[in-house]
1. Give the value in nm², to one decimal: projected area of the alpha carbon convex hull of the stretch 54-94, averaged over all directions.
2. How high is the relative contact order of the stretch 68-113, in percent, with contacts defined as C-alpha pairs under 8 Å that are six or more residues apart?
3. Among DSSP beta bridges whose residues both lie in the stretch 6-177, state the antiparallel percentage, nearest 5.
4. Does the chain come out rounded, prolate or oblate, given a ≥ b ≥ c as the square roots of the eigenvalues of its C-alpha gyration tensor, rounded meaning a/c under 1.5 and, failing that, prolate meaning a/b above b/c?
5. Under 8 Å for C-alpha pairs, at least 6 residues apart: give me the relative contact order for the chain, rounded to a whole percent.
6. Within 10 Å of each residue's Cβ, count the other Cβ atoms and sort 44, 93, 167, 67 from fewest upward.
7. Run lengths n ≥ 4 of DSSP H only: what is the helix-derived mean residue ellipticity at 222 nm for the chain, with -39500 (n - 2.57) per run over all residues, to the nearest 500?
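What follows draws every value from the coordinates through simple rules; no lab data is involved. If you're wondering where the values come from, they're calculated on a predicted model, not measured in any experiment. A quick note on method: Cβ atoms are made from the backbone with ideal geometry, for glycine too, and the neighbour counts reach across all protein chains shown.
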């Protein structure tokens, strides 16, 4: 594959409809797949409005690009949101099972409901614990999946406190994007 080719992401949320995304291929190695997307104005506006409503970005800020890293051996992904002018808006991780390669241009990721937002100033916000608990209660994720999500959340909190997350994982983005 070459930069700009489309990659299909099969995004599974147990108990909910599977979503398919088409993203622009950037790079891939044995550890991860990297994608990059410059957002069309309408999608940028809707996404930005949602992030403002969740108080993840400030009113007036607008997402221009998203860089994503899907790890093949880590139980989370890493998204980097930037404004049109390149200003970092934040990092986001879906906690879930490591990505699986289905074909050279398709991967699959199973989301385990809890997420993290890392603000540029170093604050970390845990998200969607209510959805996670509901998924456990409704038995749409297994006990092993729930344990994986909890352990990953704890690990990423500890890594944040030590200055490891997200910087250790953004090297997959920064080495290629610059």
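1. 3.1 nm²
2. Computed value for the stretch 68-113: 32 percent relative contact order.
3. Values: 41 of 46 bridges.
Restricted to the stretch 6-177, the bridges split so that about 90 percent are antiparallel.
4. Working: a/c = 1.36, a/b = 1.14, b/c = 1.19.
Here the chain falls in the rounded category.
5. Working: 344 pairs, mean separation 31.4, N = 178.
Contact order relative to length: 18 percent.
6. Ordered by Cβ neighbours within 10 Å, fewest first: 167, 44, 67, 93.
7. Details: 4 runs with 52 residues, N = 178.
Rounded to the nearest 500, it is -9500 deg cm²/dmol.
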